[in-house]
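Chemist: Questions regarding the structure given below will be posed in turn.
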Amino acid sequence: MAKPKLALYWAASCGGCDVAVLDTNEKILDIANLCDIVFWPIAIDFKYHHVRAMEAKSIDLCLFNGAIRSTEQEEIAKLLREKSKVMVAFGACACFGGIPALANFASREAMMQRVYKEIPSNSNDDGTLPQVKTQVPEGELELPELFEDVMTLEQVVPVEYFVPGCPPPVDLIMKLVDLYSTGKLPPAGAVIASDKTLCDECKRIKEEKKVTRFYRPHEIIPDPEKCLLEQGIICCGPATRGGCGLRCIEANMPCRGCFGPPEGVADQGAKMLSAIASIYQGDDIETIKKMVEEVVDPAGTFYRFGMADSTLKRKRIRKSE
Ligand code: SF4
Ligand code: SF4
Ligand code: SF4
C-alpha cells in the first residue's frame, strides 16, 4: 500500500519548528517509515516547481510552520493548501503569528528603518533598503514583497488542525503522527493539545494570595513549590492552553504563553490582563499606575505569541508614525 505523502514548510519562521521535527530523534525513522516526505525545504532538495506539478490534494498531510508576512509565503501557503488534504498550522507562529507578529506593533516602514538603518551592528552607510525589483547588468532581480501585517496561517488559507508551541514538543508531534496514522484525528478545527489551561495542569501550591509588586525573573529566586504568579512573577498560565508538559514551570521559569489561548478564550492578552488585575492588591489609581510601571514591555509580555490572532491584530499606526 502506498505510504501517505507528507510535506513540511517554513514561512516567517526561525527554523525551530523544523528542528523540533528532527528532535524526534530516532522516531524520525518511524515518521519516515509511515510517510513519504515529498517536500521539506530545510532537509530535502525539492523545489517549488515540483510542488506545482503535483495533482490537487495529492499531499496527505502538510505541516506548515511560520507566520505569513510576504507574498512568497502567501503564495506557497495557497499552493500547499491546494495540493494538501490536511493542512496543519504547526507551531505558535503559524497558529497565532508568534514572535514575528510582534512586528505588528510597528508599521512596515518603521520596521525596515529600524532593521536596515538604525540597528548599531548594521553597516549600511548608503541606507539601502531591500527593493522588490532591482536592475542589475544581467537583468531584473525580484524579491518577495513584505505585507504591512504579519498574519496567521488561518488568516490566509483554511486550516484543519493546530499544533501549538514554540516549538511544539516532541510528544505532541508524535501524538499528531499517531492520530493521523491510526485514523483517529479529531474533527477539523481541533487544537492538538489539552483543553485545560496550564494552571489546571500545574501542581504548584496556590494560596489565593494577592501580590503587591511584580518582579522580572532575574530579580527574584522563586520558591519552586509555589505558584509563580502569586510570587509576583508574571506567569501566563491562567491565559494559556495546557499540553506542553509544563516545560518552563518545571525549570522554575514563568509561562510566556506559547500554547496560545485556552478553549473559549478569544484574546489571550486580554485574558491575562484580567488575571493580573484580579491578583494585584489594591484598586486605587496610584496602585494601578505602579503596577503598570512594574510590567516592563506589557504588549510584548501579554501578546508575545498572539498579536496576529488577537482582537486588535496590530497596533493602529498614525500617518505621522
Ligand atoms: S513557533 Fe517558535 S520555534 Fe516555531 S518557527 Fe515560531 S519562533 Fe520558531
Ligand atoms: S500561574 Fe503559572 S505557576 Fe501559577 S499555577 Fe498557573 S501555571 Fe502554575
Ligand atoms: S510553559 Fe508556557 S511558554 Fe513554556 S512551553 Fe509551556 S506553554 Fe510554552
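The values are calculated or read from the model by the stated rules, or taken from the named source; none is laboratory data. Source: prediction; values computed, not measured. Virtual Cβ from ideal backbone geometry, glycine too; neighbours counted across all protein chains shown. Note: areas computed on protein heavy atoms with side chains; ligands, DNA, RNA excluded. Shrake-Rupley method; radii C 1.70, N 1.55, O 1.52, S 1.80 Å.
Chemist: So how many residues does region 126-160 have that are free of Cβ contacts under 8 Å to residues at least 40 places away in the same chain and in a strand (DSSP E or B)?
Modeler: Residues flagged as free of Cβ contacts under 8 Å to residues at least 40 places away in the same chain and in a strand (DSSP E or B) within region 126-160 amount to 8.
Chemist: Is there any pair linking a residue in region 205-233 that is closer than 12 Å to ASN252 by Cα and more than 16 Å from ligand 1 (Cβ to nearest atom) to one that is open to solvent by 50 Å² or more (accessible area, probe 1.4 Å) and aromatic (Phe, Trp, Tyr), with Cβ under 6 Å and at least six apart or on different chains, and which?
Modeler: Close Cβ pairs satisfying both conditions: ILE233/TYR215.
Chemist: Scan region 167-202 for residues that are under 19 Å from LYS85 (Cα atoms), open to solvent by less than 40 Å² (accessible area, probe 1.4 Å) and either touching an Asp or Glu at 6+ places or on another chain (Cβ under 8 Å) or among the acidic types (Asp, Glu) (or both) and jot them down.
Modeler: VAL177
Chemist: Tell me which of these ARG256 doesn't satisfy, since it passes every other one: (1) within 16 Å of ligand 1 (Cβ to nearest atom); (2) modelled with pLDDT under 95.
Modeler: (2)
Chemist: A follow-up question, please. Among the residues of region 218-235 satisfying the criterion of being more than 9 Å from ligand 2 (Cβ to nearest atom) and not in a loop (DSSP other than H, G, I, E, B), which is least open to solvent (accessible area, probe 1.4 Å)?
Modeler: Of everything passing the filter in region 218-235, GLU219 is least open to solvent (accessible area, probe 1.4 Å).
Chemist: Take PRO298 and tell me if it is closer than 30 Å to MET112 by Cβ, free of Cβ contacts under 8 Å to residues at least 40 places away in the same chain, surrounded by 11 or more Cβ atoms within 10 Å (Cβ to Cβ) and not acidic (Asp, Glu).
Modeler: yes
Chemist: OK, next. Any residue in region 236-265 that's more than 10 Å from ligand 2 (Cβ to nearest atom): show its pairings with residues that are in a strand (DSSP E or B) at Cβ separation under 7 Å, as long as the two are six or more apart or on different chains.
Modeler: Pairs that qualify, where the first residue is more than 10 Å from ligand 2 (Cβ to nearest atom) and the partner is in a strand (DSSP E or B), are ARG241/VAL191; ARG241/THR197; PHE259/ARG241; GLY260/ARG241; PRO261/ARG241; PRO262/THR197; PRO262/ARG241.
Chemist: Something else now. Please tell me if VAL292 is touching a residue at least 60 places away in the same chain (Cβ under 8 Å) and among the aliphatic types (A, V, I, L, M).
Modeler: no
Chemist: Shifting gears a bit: Please work out which residue is farthest from LEU176 (Cα to Cα), limiting yourself to region 9-36 and to residues that are assigned to a strand (DSSP E or B) and open to solvent by less than 40 Å² (accessible area, probe 1.4 Å).
Modeler: Selected residue: ALA12.
Chemist: Ok, one more. Can you tell me which residue within region 126-166, out of those that are touching a strand residue (DSSP E or B) at 6+ places or on another chain (Cβ under 7 Å) and of a type in the set (Ser, Thr, Tyr), is most open to solvent (accessible area, probe 1.4 Å)?
Modeler: Result: THR134.
Chemist: Please find, within region 109-125, the residue that is surrounded by the most Cβ atoms within 10 Å (Cβ to Cβ) out of those that are part of a loop (DSSP other than H, G, I, E, B) and not polar (S, T, N, Q).
Modeler: It comes out as ILE119.
Chemist: Looking at region 229-253, which of its residues are within 10 Å of ligand 3 (Cβ to nearest atom), farther than 27 Å from TYR161 by Cα and of a type outside the set (Gly, Ala, Ser)?
Modeler: GLU250, MET253
Chemist: Please pick out the residue among LYS271, LYS313 that is within 16 Å of ligand 2 (Cβ to nearest atom), touching a residue at least 24 places away in the same chain (Cβ under 8 Å) and in contact with a helix residue (DSSP H, G or I) (Cβ under 8 Å, 6 or more places away or on another chain).
Modeler: Answer to the selection: LYS271.
Chemist: What are the pairs, 6+ residues apart or on separate chains, where a residue within region 46-67 that is in contact (Cβ under 8 Å) with a residue 40 or more places away in the chain has its Cβ under 7 Å from a residue that is charged (D, E, K, R) and not in a strand (DSSP E or B)?
Modeler: VAL51/LYS83; SER58/LYS83; ILE59/LYS83; ASN65/ASP18
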